[in-house]
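The values are calculated or read from the model by the stated rules, or taken from the named source; none is laboratory data. Since the model is a prediction, treat every value here as computed from it, not as a measurement. Cβ coordinates were reconstructed from backbone atoms using ideal geometry, including for glycine residues, and neighbour counts include every protein chain displayed. Surface areas here come from the heavy atoms of the whole protein model, side chains and all, with no ligands, DNA or RNA. Shrake-Rupley method; radii C 1.70, N 1.55, O 1.52, S 1.80 Å.
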Amino acid sequence: MTGAGPIMRIRGLSVESAAGQRLLSDADLEVGRGELVGLVGASGAGKTTLGLAALGHVRRGCRIVGGQILLGDEDLAVASPRRLRELRRTRLTYVAQSAASAFNPAHQLMPQIVEGAVRYGLTSCTEAVREALHLLERFDVPDPVTFGARYPHQVSGGQLQRAMIAMAMLCQPDIVVFDEPTTALDVATQAEVLAVIGEAVSMTGASGIYISHDLELVARVVDRVSVVDGGRVVRSGPTAQALAAIARDQTGATLDADDGPANATCDAILALDGIVAGYSATPVLHGVSVSVPAGGAVGLVGRSGSGKSSIARVVTGLLPPTAGTIAFEGRRLDPRWSKRARSDLAAIQLVYQSPDTALNPSQTVERIISRPLEIAGGLSKDARQERVRELLDVMGLPPAEFLGRRPGTLSGGQKQRVAIARALASEPRLLVCDEITSALDADAADLVIDRLAELRRTHSISLLFISHELAMVRAICDQVVVLESGRVVEAGPTDQVFTNPQSVVTRHLIDADLRYGTVSSTTREVPVQ
């Protein structure tokens, strides 16, 4: 992949927040021509800050206080805003962690995918659409023509992420920054998208920076790895060499293999029966029935686009079904959230897959978490403030550091933990978790899973846990439901389904999980015979 000489050199880069906190300290990074470099590290390590710096960008309220960002001989650290805009139109592009925040919900997908390439005069509209359809087909998007006519909320998170990658590649950039672009995808789709990214970089001669907390994921696609920790680049080198060194350095206790999910009671807190739902004239759920025991946890698994997130929207009243019923605690719920009692809205809380679209960027963390407490009433201002601090402690976010910060200054993992804290503020009886660990590194994900397990034991909270990470589902869920094309293809106790799968779809998911290494990327293991 690599060519002669680096196309980008970042030297001694230091970045500070408005409060004077060092986000990067003397960071160095080189990207060769035609090379894909991985930036790895825990949530909050500074890898996204460094990746954004390659675009000459720092988050609002932050500033570059030292170092250079050299694109050829041009220093982006001192370039004018006008020059940076020019470069981002033709030479630099970005694939964000959250595709949902990159698309306008009021417009169809295809006009947005081709907009940049056409507006900047890189190609004609007809040619851009033709190439976009070709890319979407290679990205395994079903029926690309129909897909392009849909709106962002009418496709799955994984499909939307693939659309964003296609949009970036249409501009034929010199450097692409991929910021956790596969976190929303199941393992099989991750492998397909990674293969396309590698092929696209190779074919076009573009260079790339791939940001991830998943070491094994990075190892399959990048040429070199730089490890970021505490705002510093602590190790760089060829992929195999760097990962071998990381493996030698890694320590930490694994979780007790005997710690299984808490036992659930038999009475159902949630029952979906024969749910049929879709977007416009396109059905996505076909007679789906799912039951969640009181105090229990049910996992929804399946490939990207199988209907998992659509079920979450049905449960929370955001996607009213055209047929079927929704029962909560033994009584029928109105399918529309606007018609539900306030007590039911508080009792069923959704943690979104994308915290970027769920958190108000203009509000502080304290305000975001305290808002549900204000709506519920019954607590004094001091009591609300104390409750917010407790929730931040629970999520591993020191209150003194995070209360006054805004979402734009947080890493993806930190934003997701704030979103979870907000959901817990109203003390829900059912928590719907839509891929909540997809943006987290393994340690942060384990912290979240442990806390959810504790909530089940101490508060009898019930979970509908949507994920493509089978190890996470095994760790927290008593039962699992497997979806394919909007239909339930298998359901049963988690151990039974994963140990002795009856459906071809389930066996494919388990085989892909083992083949591509996501089971071993977490401290928990899914035993499969």
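You will find that of SER362, SER343, SER338, SER306, the residue that is assigned to a loop (DSSP other than H, G, I, E, B) and surrounded by fewer than 18 Cβ atoms within 10 Å (Cβ to Cβ) is SER362 and no other. Within the stretch 54-80, residues that are open to solvent by 50 Å² or more (accessible area, probe 1.4 Å) reach partners that are of a type in the set (Phe, Trp, Tyr) with beta carbons closer than 9 Å, at six or more positions or on different chains, in the pairs HIS57/TYR94.
For the stretch 1-86, which strands (runs of 3 or more DSSP E) that fit wholly inside it have 2 or more residues that are among the β-branched types (Val, Ile, Thr)? Outline the logic, then answer.
Numbers: elements: 6-16, 22-32, 36-40, 63-71.
It comes to 6-16, 36-40, 63-71.
Exactly one residue out of GLY295, GLY287 is at positive phi and either of a type in the set (A, V, I, L, M) or open to solvent by less than 30 Å² (accessible area, probe 1.4 Å) (or both): that is GLY295. Buried (at least 19 other Cβ atoms within 10 Å of the Cβ) and polar (S, T, N, Q), is that true of SER101? So SER101 fails the test. If the condition is being at pLDDT below 85 and closer than 22 Å to PHE498 by Cβ, then the stretch 267-304 contributes only SER304.
Could you tell me whether the stretch 167-179 includes any residue that is at pLDDT 80 or above, open to solvent by 40 Å² or more (accessible area, probe 1.4 Å) and assigned to a helix (DSSP H, G or I)? Reasoning before the result, please.
As a first pass, look at the stretch 167-179 and keep what is at pLDDT 80 or above: 167-179.
Okay, now just the ones that are also open to solvent by 40 Å² or more (accessible area, probe 1.4 Å), so 167, 172, 174.
Going one step further and asking which of them are assigned to a helix (DSSP H, G or I), we end up with 167.
Looking for residues that are at pLDDT 80 or above, open to solvent by 40 Å² or more (accessible area, probe 1.4 Å) and assigned to a helix (DSSP H, G or I), one finds at least one in the stretch 167-179, hence yes.
Out of everything in the stretch 19-48 that is open to solvent by 20 Å² or more (accessible area, probe 1.4 Å) and under 22 Å from THR90 (Cα atoms), what residue ends up being modelled with the highest pLDDT?
First, pick out the residues of the stretch 19-48 that are open to solvent by 20 Å² or more (accessible area, probe 1.4 Å): 19-23, 26, 28, 30, 33, 42-44, 48.
If we keep only those that are under 22 Å from THR90 (Cα atoms) too, we end up with 30, 33, 48.
Values: GLU30: 93, ARG33: 87, THR48: 87.
Checked the stretch 19-48; the qualifying residue modelled with the highest pLDDT is GLU30.
Just to check your reading of the model, which residue among MET203, MET164 is part of a helix (DSSP H, G or I) and closer than 20 Å to SER354 by Cβ?
On the way: MET203 fails: closer than 20 Å to SER354 by Cβ.
Selected residue: MET164, the only one of MET203, MET164 that is part of a helix (DSSP H, G or I) and closer than 20 Å to SER354 by Cβ.
Scanning the stretch 444-471 for residues that are β-branched (Val, Ile, Thr) and either under 14 Å from GLY295 (Cβ atoms) or at pLDDT below 85 (or both) turns up VAL448, ILE449, THR458, ILE461.
Scan the stretch 147-168 for residues that are touching a residue at least 40 places away in the same chain (Cβ under 8 Å), within 21 Å of VAL118 (Cα to Cα) and not charged (D, E, K, R) and the total you get is 12. Residues in the stretch 211-237 that are of a type outside the set (Asp, Glu), under 17 Å from GLY44 (Cβ atoms) and surrounded by fewer than 17 Cβ atoms within 10 Å (Cβ to Cβ): GLY230, VAL234.
Filtering the stretch 123-146 to residues that are without any contact (Cβ under 8 Å) to a residue 40 or more places away in the chain and polar (S, T, N, Q) leaves SER124, THR126.
Of all residues being in contact (Cβ under 8 Å) with a residue 24 or more places away in the chain, surrounded by 20 or more Cβ atoms within 10 Å (Cβ to Cβ) and of a type outside the set (A, V, I, L, M) in the stretch 498-510, which is farthest from ALA442 (Cα to Cα)? Just the residue, please. Selected residue: THR506.
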